[in-house]
Structure formats: structure tokens, C-alpha cells
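These notes concern the structure reproduced below.
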Amino acid sequence: MAQEPSPEKLAKLRQALEDYAEGNVENPLIDHEAEEAKADVRARALRLLDERARSRHELKERLLKLEYAEPVIEEVLDDLSGVGLINDELFASEWVRQRHARRGKSSRALNQELVRKGISSAVRAQALEQIDQEDEEDMAWKLAVKKARSIKHVPEDRGERDKALRRIVGVLARRGFNEGMSLSLARRALDERCEELGTS
């Protein structure tokens, strides 16, 4: 159960609020300069969050680039975290879900992206639990098949076949899928495409 504030503390806070409402800048409980600085940082942070969801680290880096004072930034970020406007767990979970589904990113690539966004290892691990090995292979296979469809004729020789295979593997590699799985799926997709072309 939360501890009730003492009557003395309540009286001080009540007085501080009254003085603040009356514009009494002498009140030691209200630092008007600090409040103005926070208001500016808060407004900028909220604009950045309005553009898209961001991690705490991302917001801090952007605000530092705008040359706001770090202690003020930290206070504002604490305030925004306290009301749930910054939530690294939720951010990481949504990032993984959307980037895997829409961009076909592997868990390895997504982990690297979250590292760059300052997400802790525990939070990254929790977010990446959404993707299992079957999901990875299914996504990689869809990408391999899609790329294989861009091949318009059966490769005439080994060199041409290797070139087509490298293109398919390249698509998977750029999304962070491991080399062994990428090569295996690329070969399978290329074989299936060649069979399609040969019977058409």
C-alpha cells in the first residue's frame, strides 16, 4: 500500500501550488527556469514521439543533438516513462513484430537494429521470442521464392546458374538470415523455378 504523505508535506505542496498559480517566483519548491526548460524539451520529445514510436535511447540521442542539457532530458524522459509514453519493452516487441512481418527481417538483423536503438539484452531477448525457427525459415523461403521468380529463363551453364543463386542468397543475406539456411533455400527455390520454366 502506498504511504500517505504527512500533513506537513501536504500543506507545503498545497502552498507551493497556490504560489505557483499566483506567479510567486520566490517559492523554493517551484523552479520556474527548470520548468520552462523541461517544457521545451517535453514539447520536442512529444513531437518526435508523434512521428513514430521511439526507444528511450533514440529520444535521448535526438534531444542531445538539439543541444538540450542532459539532466533536463533525463528528467523529461523519466516523466514520459512514468506515464507510459516511453516503454522500451512495448517498443521492442512492436518493432520485431512489424519488421519481421513487413520487411522480412531475420531475428539476427532485428537484434542488431534493437542494439542500435539502445534496447537492453533482456528486453531484446524477450521481444525476439516472437520469432521461432519455423517462422525464420518460412519467411526466408518466401523471400527466396519471390527472388527466384525474377529469373526469366533456365540458366544455360554453371556460371549463369551460380550468378542466379548468388542473387537469391544475397536477398536473404541482406535481411540477416544465416548463410547455411540461405544457401539451402536458395538452391531449392532456384531448382523449383528452373523446373517451372522448363515445363512452361
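Cβ-Cβ contacts under 8 Å between residues 6 or more apart (or on different chains), taken from a first residue in the range 128-156 that is without any contact (Cβ under 8 Å) to a residue 60 or more places away in the chain to a second residue that is in a helix (DSSP H, G or I) and among the polar types (S, T, N, Q), are listed as L128/S107; L128/N111; Q130/S93; I131/S107; E136/S107; A140/S182; A144/S182.
Every condition in (1) more than 30 Å from K60 (Cα to Cα); (2) modelled with pLDDT of 95 or more; (3) polar (S, T, N, Q) is met by S120 except one, and the failing one is (1). Report, by residue number, each residue of the range 55-70 that is of a type outside the set (D, E) and either modelled with pLDDT of 95 or more or surrounded by fewer than 17 Cβ atoms within 10 Å (Cβ to Cβ) (or both). Within the range 55-70, S55, R56, H57, L59, K60, R62, L63, L64, K65, L66, A69 meet the criteria. Considering the conditions (1) in a loop (DSSP other than H, G, I, E, B); (2) at pLDDT below 95, E33 is excluded by exactly one of them, (1).
Pairing residues of the range 174-200 that are over 16 Å from R149 (Cβ atoms) with residues that are among the charged types (D, E, K, R) and not in a helix (DSSP H, G or I), at Cβ distances under 8 Å and at least 6 apart in sequence or on separate chains, gives R175/K105; G176/K105. A search for C-beta distances below 7 Å between a residue of the range 47-68 that is over 20 Å from R99 (Cα atoms) and any residue that is surrounded by fewer than 14 Cβ atoms within 10 Å (Cβ to Cβ), counting only pairs 6+ apart in sequence or on different chains, returns L64/E70. Considering only residues that are among the charged types (D, E, K, R) and either closer than 25 Å to W95 by Cβ or in a helix (DSSP H, G or I) (or both), which ones fall in the range 55-71? Scanning the range 55-71 gives R56, E58, K60, E61, R62, K65, E70.
Taken over the range 157-173, the criterion of being among the basic types (K, R) and either touching a residue at least 12 places away in the same chain (Cβ under 8 Å) or on the phi > 0 side of the Ramachandran plot (or both) is satisfied by R161, R167. Here the condition is being at pLDDT 95 or above and loosely packed, with under 13 Cβ neighbours inside 10 Å; of R188, R149, it holds for R149 alone.
The values are calculated or read from the model by the stated rules, or taken from the named source; none is laboratory data. Please read these numbers as outputs of a predicted model, since none were measured by experiment. Neighbour counts run over all protein chains shown; Cβ positions are idealised from the backbone, glycine included.
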